[in-house]
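What follows is a single structure, written as structure tokens, with notes after it.
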Amino acid sequence: MIKIQNLSLPLDFGTEELKHKAAKALGISPASLGAVRLLRQSVDARKKGQVRYICTLGVEVENEATLLRRSHSPDISLWNPEPYRFPGVKRSSSLPPVVVGMGPAGLFCALFLARNGLPPILLERGREVDERARDVEHFWKTGSLSRTSNVQFGEGGAGTFSDGKLNTGTHDGRIRAVLEEFVRHGAPEDILWQQKPHVGTDVLRGVVKSIRQELISLGCQVRFEHQLTGLRIEGGRLTGIYYDTAQGPAREALDCDTLILAPGHSARDTFQMLHEAGIPMESKPFAIGCRIEHSQELISFQQYGSAWQKLPPADYKLSCHLPGGRSAFTFCVCPGGQVVAAASDYGQVVTNGMSFRSRDGKNINGGFLVGVGPQDFQGSDPLAGVRFQEQWERSAWDLGTGGLPPLFQSESPVFRAPAQLVGDFLKGKPSTILGNLSPTYRPGVVPTSIESCLPSYVSDTLRSALPLFDRKLHGFADPGAVLTGIETRSSSPVRIMRDEGFQSPLQGLYPCGEGAGYAGGITSAAVDGIRVAEAVAVG
């Protein structure tokens, strides 16, 4: 197959125009083309009056070698990708591997182990995805939180209640395998060729359920509401684990010589247990800030001009490095989405962003964050970053439940979030009312000053970044845009140490995924799960 890159096409292009462009690039007639496959599609909006798609195609033709010799274009090349292949299995233990955590890392690790004759036991502290969705909706409506079934914990992991973006900054041959698995389990095929593939939280729930059903069909044991609470260690090796169940407080034991630990970035009690057990780990950088919410129509128009109505809702990606040494950036942008309450315990307010497949909401929101690191934390132990997160989440809780009247009435004042207009934030004054943009966060927001729940250097950095970002994307610093606090869980605050074989110094323990400090999103976590599965299979 021949790959043709950088084909410029109008927004309303059809199959025939696609074939005509490909044939012209190769200097042959359209009738000479065999199958034509769309490999990549992105939007070129550099000229607002001439917004177009830029496509990469794979085409089947006869005499590939002759056409390649004749072509002098760097955009035309041979394309014969090698499919992913799992390595040969050498594992000989009679005990099944145990996977803790059913986010992307745990699910994909379990899936590739099971398909290759090593079906694991899966333990998940939360509930299955349909029950979890009901628990989360009840929380958003009433403020009544389940500590084990929420936005952070449960089947599918934290990514299940997100935008469902699958793009990643990493380059790994396993990425294609991950995307193909998503399609196989119900995701739309366009994730295979969109520059920024997106599933949406509604579709992602069905994908997660389908993967679980395949795991069970392959012989896996899937145990919900089972929480890892301890490790049994003998002679520097893992020999068993302890867990609690929802049925009672009695501590259960399970013989285990291989534990894939994919806990998610909010498993603070697990991090504490590992630290007390002497498992080597360290604090790591992450980012904190708030969610910034704009009118989707405003952002789409600024990105695409008059063509915005012909295109999917626009997003953005902005960053800057400021003279003081701090950096600000946008993160996990959710076009047509909503800001969601993402706390996993009482006494803390945490936000995240989420959108459905259609992305048809009136607002767009994104994390507006500042990087922080161990130098900012009090203490040098591995859990210093966790305490840092908790400190500012408690401050946000105090602001949101401090007796101020809620902007939107809810059944409970608990978990209301502090919010501030961008215009007021730039002037350094609290907001007392919000404008025409209705914030999407539930159970509700309280107009105030978000500076009280952020370190001063974070607030100062965000305030300095707003006009810089507005120069890149006019309207970003719109005075009526809303800042909702706070976002603290951009990534894990810890890294559980592992070697080149993906194993902890404790033999038999394999830290895995975003919560262990080795990934940064759904796709990269899934890839890490596959890599750990390979290590277990050949070990």
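The values are calculated or read from the model by the stated rules, or taken from the named source; none is laboratory data. None of the values given here were measured: they were computed from a predicted structure. No Cβ is skipped: glycine too gets one built from the backbone with ideal geometry, and neighbour counts run over all protein chains shown. For the accessible areas, the whole protein counts, side chains as well, though only heavy atoms, and no ligand, DNA or RNA atoms are used. Shrake-Rupley method; radii C 1.70, N 1.55, O 1.52, S 1.80 Å.
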- Note on the structure: Sequence order, the range 111-121: Karplus ³J(HN,Hα) from phi using 6.51 cos²θ - 1.76 cosθ + 1.60, θ = phi - 60°, Hz rounded, Gly and Pro as x, gives 4, 6, 5, 5, 5, 10, x, 10, x, x, 8
- Item | Hypothetical label at residue 85: residues of the range 1-21 whose amide nitrogen lies under 12 Å (7 Å Cα-Cβ projection) | none
- Task: In debye, nearest 20, what is the charge dipole magnitude of the range 80-158 about its Cα centre with +1 on Lys and Arg Cβ and -1 on Asp and Glu Cβ, if you could check?
- Result: 260 debye
- Query: When all C-alpha to C-alpha distances in the range 109-228 are sorted into bins of 10 Å, what percent of pairs does each bin hold, rounded to whole numbers?
  - Reply: 13, 39, 36, 12, 0
- Query: What are the residues whose amide H is under 5 Å from the amide H of residue 481, where those residues sit 5 or more places off or on another chain and H is modelled from the backbone?
  - Reply: 422, 423
- Task: Count the net charge of all other residues whose Cβ sits under 13 Å from the Cβ of residue 15, scoring Lys and Arg as +1 and Asp and Glu as -1.
- Result: 0
- Item | Environment charge at residue 388 (Cβ cut-off 13 Å; Lys +1, Arg +1, Asp -1, Glu -1) | +1
- Message: If you consider only alpha-carbon coordinates, what radius of gyration and Dmax does the range 189-247 have, in Å?
- Response: 18.0, 50
- Quick one: what does P(r) look like for the range 1-126 with 10 Å bins over all Cα pairs, in whole %? 11, 29, 17, 16, 20, 8, 0
- chymotrypsin sites (Phe, Trp or Tyr not before Pro), restricted to the range 408-491: which are DSSP loop and have at most 16 other Cβ atoms within 10 Å? 408
- Add -39500 (n - 2.57) for each DSSP H run of 4 or more in the chain, then divide by its residues: what number comes out at 222 nm, to the nearest 500 deg cm²/dmol? -8500 deg cm²/dmol
- Peptides 234-243, 350-359, 323-332, 18-27: what's the order by average Cβ count within 10 Å, highest mean first? 350-359, 18-27, 323-332, 234-243
- Query: Can you tell me the accessible area per residue over the chain, all protein chains present, probe 1.4 angstrom, in square angstrom?
  - Reply: 41 Å²
- Query: Measuring from the lowest to the highest alpha carbon on each principal axis, how far does the chain reach, largest first, in angstroms?
  - Reply: 72, 65, 42
- Between the residues 93, 110, 121, the Cα farthest towards the positive end of the dipole of the range 72-128, that dipole coming from +1 and -1 charges on the beta-carbon of Lys, Arg, Asp and Glu, is from 93
- How big, on average over all directions, is the shadow cast by the Cα convex hull of the range 437-539, in nm²? 10.1 nm²
- Query: Can you pull the semi-axes for the range 176-290, root of five times each eigenvalue of the Cα gyration tensor, sorted largest first, whole Å?
  - Reply: 32, 21, 14
- Query: How big is the Kirkwood radius of the range 454-499, worked out from every pair of different alpha carbons and given in Å to one decimal?
  - Reply: 13.2 Å
- Note on the structure: Over all directions, the range 415-489 yields a Cα convex hull whose mean projected area in nm² is 5.2 nm²
- Task: Under 15 Å from the Cβ of residue 37, count the other residues' Cβ atoms, weight Lys and Arg +1, Asp and Glu -1, and hand me the total.
- Result: 0
- Sites matching GluC sites (Glu not before Pro) across the range 56-154 that sit in DSSP coil, with at most 15 neighbouring C-beta atoms within 10 Å: 60, 62
- Which distance in Å, rounded to a whole number, links the C-alpha centroids of the range 523-538 and the range 415-441? 43 Å
- Item | Selection from 260, 539, 285, by position along the positive dipole direction of the chain (Cβ) | 285
